[in-house]
Amino acid sequence: MQTLFFSLDTASVAAIIPVMDHIMNCLNQQTGMTYHPSLIAAMKLVSKKMDRYYLLTNSLPVYRIAMVLHPGMKLEYFCNHNWEAKWIEEAERLVRTKYVEQYEQQADEAPTMPSTNSITHHNSGFALFGDLSVTTAPHASEIQEYLSHPVENVKDPLK
């Protein structure tokens, strides 16, 4: 079933860890039952392989960043699935760091106004008002504002 899911055009990086969690939950529910030794051995191998995949997702921040940026998950997914507090904090830190490093400056840059030297009005003094702001209060970071909103029920986060 999960293989078919990831074969669809709607699959996303944000879904990888939740699907892995689903597989592990199904596997963990079955471990208390009595099975043939070959099935028990297979389940142990699957569990070991899943642990390896979890380690791989830990080494690449893109998985956690994609989940936090998904409007239907944000940090709430981690909390609802009882992830350790340090993992949740790390996911948030990764998103904030990436935002500051690559996007904050672009988001903060406002379109530039023409300089007062390039304005050809006669020297009435009104040209200087083009650079005034109505507020001196700092605005909230876009990532802070995004994370403060509740999760949304979305089927496709890119639409």
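A short reminder: the numbers here are calculations on the coordinates, not readings from a lab. Not measured: the values here are computed from a predicted model. All Cβ positions, even for glycine, are placed from backbone atoms using ideal geometry, and neighbour counts span all protein chains on display.
The phi torsions of region 18-24, fed into the Karplus equation with coefficients 6.51, -1.76 and 1.60 and a -60° offset, translate into couplings of x, 5, 4, 4, 5, 4, 5 Hz, rounded to whole numbers, with Gly and Pro shown as x.
At an R0 of 25 angstrom, the distance between the Cβ atoms of Lys44 and Met20 translates into a FRET efficiency of 0.90.
Hey, with R₀ at 22 Å, roughly what FRET efficiency would Arg93 and His149 work out to, going by the Cβ-Cβ distance, to 0.05? Don't skip to the answer; put the middle values down first.
Details: r = 19 Å, r/R0 = 0.87.
Approximately 0.70, to the nearest 0.05.
Phi-derived couplings, Karplus 6.51 cos²θ - 1.76 cosθ + 1.60 at θ = phi - 60°, listed residue by residue for region 97-104: 5, 4, 4, 5, 5, 10, 10, 4 Hz, with x used for Gly and Pro. In order along region 61-77, the phi-based Karplus estimate (6.51 cos²θ - 1.76 cosθ + 1.60, θ = phi - 60°) of 3J(HN,Hα) comes to x, 4, 5, 5, 4, 4, 5, 5, 7, 5, x, x, 10, 6, 7, 4, 4 Hz; Gly and Pro are listed as x.
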